[in-house]
Amino acid sequence: MSNLKMKEAALIYLDRSGGLQKFIDNCKSYSDSKQSYAVYRFSILINPSDIIELDAELGNHILHQPLKAAQVFQSVCFIAVKTLSLIGQLQTEAQINILLKLTHLPPLPSYSLDLCEFPLDYTSQRFYMMQGIVIAMTTVTKYTQGARFLCSDEACPLSKGFQYIRVHVPGATESATVRNDFLCNLCSSSLQEDRKFRVLGDKQIVEIITTKALHAFQGYSNNQPFRFQSLTIFLRDELVNEMNIGNEYKIIGIPTCVKTSQTALCIEANSITFFSPKVPSGISDNFRCLLSLTSSSYWKFTAMLANIFASQIVPPGTYNLLKLCLLMSLVQTSDRNKELEDCLDLLIITSDILLVDRLLNFSINLVSRGIRHPVSTEIFPTLSRNKYGTGAVSIQGGSALLAKGGICFIGDLASHKKDKLEQLQSAVESRSITVYISGKKFGDDMDQQMTFPVRCSFWSFVDMDSCSRRNIQKTNTLIGQMDCSLIPANLVEAFGLLINCNESSPCHPLLPTVQHTLKKAIDPEGLLYVASKQFTTEDFEKLLAFAKNLNVEFSLEAERMIHGYYLASRRIRTDSICGSKLSASALKYLVSLSEAHARLNLRNKVLKEDVLIAALLFETSLTLKYGAAVLCVAPNAVFPFELYNEEYLEQRDIYLTQCQQQLQQFIATYGPGTAIFASDE
């Protein structure tokens with residue numbers, strides 16, 4: 001009676017939810033094909049909340065005994081097929097393969113599987129929900145969805161028909177579905193597979209890690225040891241190719257054990273959903289107050305942010321240019337599943353690699369996908385044989401794909417080998433990486449290639465002292481040009497911004513930094529400055545999370561200025577031998593810099609004042625790469641004065657206003673529509 005009641009509830013649910021009509025349509029497709037199948041596969045969407053309201057016992061079966069619940073729906077569907085004469089070729093109930101697809105699970109701790117918590121209950125064969133980031137995936141292979149077996153004794157009644165049907169169930173291996181030692185229940189003769197009725201499906205294996213494990217890739221340590229392991233997810237049929245390396249997903253599935261060289265915990269995925277974090281509603285009160293106080297200026301707020309940023313690492317007022325660039329790169333990151341076209345790659349030339357390394361490492365911890373590339377691993381995807389013996393090739397994502405939508409900090413550029421630098425240059429220029437899979441090496445009939453988008457910004461630095469030690473200083477360097485001969489010229493050009501961070505310069509006074517280092521050595525956890533207490537690390541995290549989700553658009557003035565500067569700069573840096581030194585990506589970087597400054601100002605519109613900062617930063621970078629040109633920009637143009645008080649901020653505003661006039665004059669002289677180079681237009 002209990003089973004009959006559940007069948008009635010299942011039929012009512014199918015009717016109310018529209019599932020019955022979908023089932024009828026699917027049956028019509030099978031019937032119209034005029035082909036005889038051993039297995040008829042149907043996917044039924046289940047909302048557990050609706051089922052539990054309708055019949056608690058059936059809902060309990062779905063959540064805790066999904067295989068038995070599938071049998072209930074299988075029986076209902078078989079009766080429907082026979083009653084309504086939907087599929088004439090169908091003979092037995094065993095031929096119907098029901099897959100229950102859950103929309104969600106109850107938001108209760110007992111339904112969540114967290115790899116950071118022990119013990120793990122994976123013996124109950126019920127649904128769990130887990131969340132993680134994809135770090136590896138295999139190529140797609142085939143598996144047996146279902147097969148028909150016949151008794152080998154021709155005199156046996158079961159040597160015909162569709163009595164022996166085997167279908168894949170969650171957690172089952174290929175040998176559990178198809179092998180040669182099955183026996184007939186009637187006469188005990190061996191069963192033989194009727195191969196022409198074998199049904200194949202697609203299978204893919206992915207590996208995920210819990211989001212908490214990202215701490216291991218962020219150079220972060222709170223002096224507490226921790227461990228993490230990846231979790232293997234089996235994707236089948238319609239779920240194949242629905243997950244991408246670097247994305248974060250919520251997965252509903254059934255845990256199971258797979259024995260390889262050792263027993264491994266795996267999940268048979270039932271449904272997957274892309275995870276998108278909530279957008280912060282605002283910023284801290286202290287930053288809101290600072291924004292209000294500096295509202296009369298287009299440049300003061302970002303100047304103050306750069307001035308007080310990372311006061312745990314360097315004293316306020318030092319390394320302001322570098323800190324502004326770091327903040328602008330951070331607000332160009334994204335938590336959304338979208339094309340990241342506005343990356344801001346930074347290459348820093350410095351003589352103090354220890355301090356710069358600390359500053360960059362501190363900064364990547366402020367965003368969810370800030371990855372410090374471990375020297376023992378690969379930046380880009382690598383290939384290996386799949387450990388589960390499925391014949392598929394496993395593609396390990398690498399740091400760049402793991403940092404999707406964020407920052408990949410690769411450390412000292414000179415520490416990487418030539419082939420890796422060439423790979424990096426290609427990825428930075430094309431924003432993609434292609435993996436070639438040799439069929440001969442991995443036992444396939446043909447070669448394959450897979451292309452992955454690279455949606456992160458790269459940060460790196462070069463030791464200035466190392467350059468001077470290994471190379472004789474070039475005698476033909478131009479005014480303002482840096483000697484970067486240690487790094488391939490094409491790679492230097494590929495980076496959007498080249499930043500000179502020299503500690504002995506007026507912009508980076510040495511004494512405050514030395515005093516800061518000594519005080520930190522005495523009291524590592526102490527807050528040395530008022531700014532550190534007023535604007536905490538959490539405040540900056542909240543500010544960046546809010547700013548990077550702002551949708552910005554260009555004003556007409558800003559758009560004209562950015563195109564005018566790009567064309568004018570391209571023209572004056574073009575010669576008849578080498579052509580233009582500005583690539584097409586230069587305009588993309590200018591746009592990204594302008595958007596970043598507007599976002600950092602918490603504005604939705606890019607103004608010409610934002611374009612000015614972008615142009616000054618970009619022109620400074622061009623000067624370091626190629627030497628000074630017509631628009632001669634000082635190395636400290638963005639921060640010409642030390643920001644001690646309001647008076648110095650006012651002086652900076654006046655200076656930047658003069659720079660804006662010079663930029664407009666430069667565009668008027670060399671930009672589009674001028675007599676100079678008019679034949680090029």
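Rolling a 1.4 Å probe over the heavy atoms of the protein chains gives the chain an accessible area of 47 Å² per residue. On the principal axes of its alpha carbon atoms, region 25-74 extends 40, 19, 11 Å, with the longest extent given first. Dipole magnitude for the chain: about 1200 debye, using +1 per Lys or Arg Cβ and -1 per Asp or Glu Cβ, origin at the Cα centre.
To the nearest ten degrees, helix 646-670 and the longest principal axis of the Cα atoms of the chain are 80 degrees apart. Straight Cα distances below 22 angstrom link Lys605 to the lysines Lys300, Lys338, Lys542, Lys548, Lys588, with same-chain residues fewer than 8 positions distant left out.
Gain on full extension, evaluated as 0.36 nm per residue between Ser33 and Leu354 minus their Cα-Cα distance, stands at 108.6 nm.
Once the Cα atoms are used to define both axes, helix 510-522 deviates from the longest principal axis of the chain by about 50 degrees. In the chain, the DSSP-assigned H stretches of four residues or longer account for a calculated mean residue ellipticity at 222 nm of -11000 deg cm²/dmol, using -39500 (n - 2.57) per stretch and the full residue count as denominator. For region 275-286, putting each phi into the Karplus relation 6.51 cos²θ - 1.76 cosθ + 1.60 with θ = phi - 60° gives couplings of 8, 10, x, 5, 7, x, 7, x, 10, 5, 4, 5 Hz, in residue order, rounded to whole numbers and with x for Gly and Pro. Using a cut-off of 14 Å between beta-carbons, work out the net charge of the residues near Asn286 (Lys and Arg +1, Asp and Glu -1, Asn286 not included). My count for the surroundings of Asn286 gives -1.
Lysine pair count for region 1-103 with Cα-Cα distance under 19 Å and sequence separation of 8 or more or different chains is 10. A viscosity of 0.692 mPa s and a temperature of 37 °C, combined with the Kirkwood radius over Cα pairs in Stokes-Einstein, give a translational diffusion coefficient for region 1-103 of 238 µm²/s.
Counting only chymotrypsin sites (Phe, Trp or Tyr not before Pro) that DSSP places in a loop and that have at most 11 other Cβ atoms within 10 Å, the longest clean stretch of the chain runs over 227-643.
Within the assembled protein chains, the solvent-accessible surface assigned to Arg126 is about 30 Å², based on a 1.4 Å probe. Tell me, what % of the accessible area of the chain is carbon and sulfur with a 1.4 angstrom probe? Carbon with sulfur: 52 percent of the solvent-accessible area. Each other residue within a Cβ distance under 10 Å of Leu663 adds +1 if Lys or Arg and -1 if Asp or Glu, for a net charge of 0. Across the chain, Cα pairs under 8 Å and at least six residues apart give a relative contact order of 11 percent. Summarising the amide proton neighbourhood of Asp194: residues at separation of 5 or more, or on other chains, whose placed amide H is nearer than 5 Å comprise Arg148, Phe149, Leu150. Sequentially through region 542-547, phi angles give Karplus couplings (6.51, -1.76, 1.60; θ = phi - 60°) of 5, 4, 5, 4, 6, 5 Hz, Gly and Pro residues having no value and appearing as x.
Rounded to the nearest 10 square angstrom, Glu493 shows an accessible area of 90 square angstrom against a 1.4 Å probe. Converting the Cα gyration tensor eigenvalues of the chain into ellipsoid dimensions via √(5λ) gives semi-axes, longest first, of 60, 27, 25 Å.
For Glu242, the solvent-accessible surface computed with a 1.4 Å probe is close to 100 Å², ligands and nucleic acids excluded. In order along region 352-367, phi translates into HN-Hα couplings of 10, 5, 5, 5, 5, 4, 5, 5, 5, 5, 4, 5, 5, 7, 8, 10 Hz, rounded to whole numbers, per the Karplus curve 6.51 cos²θ - 1.76 cosθ + 1.60 with θ = phi - 60° and x for Gly and Pro.
The values are calculated or read from the model by the stated rules, or taken from the named source; none is laboratory data. For clarity, every value in this text was computed on a predicted model and none was experimentally measured. Positions of Cβ are backbone-derived with ideal geometry, glycine not excepted, and every protein chain shown enters the neighbour counts. Each accessible area value is taken on the protein alone, full model and side chains, heavy atoms only, with ligands, DNA and RNA left out. Shrake-Rupley method; radii C 1.70, N 1.55, O 1.52, S 1.80 Å.
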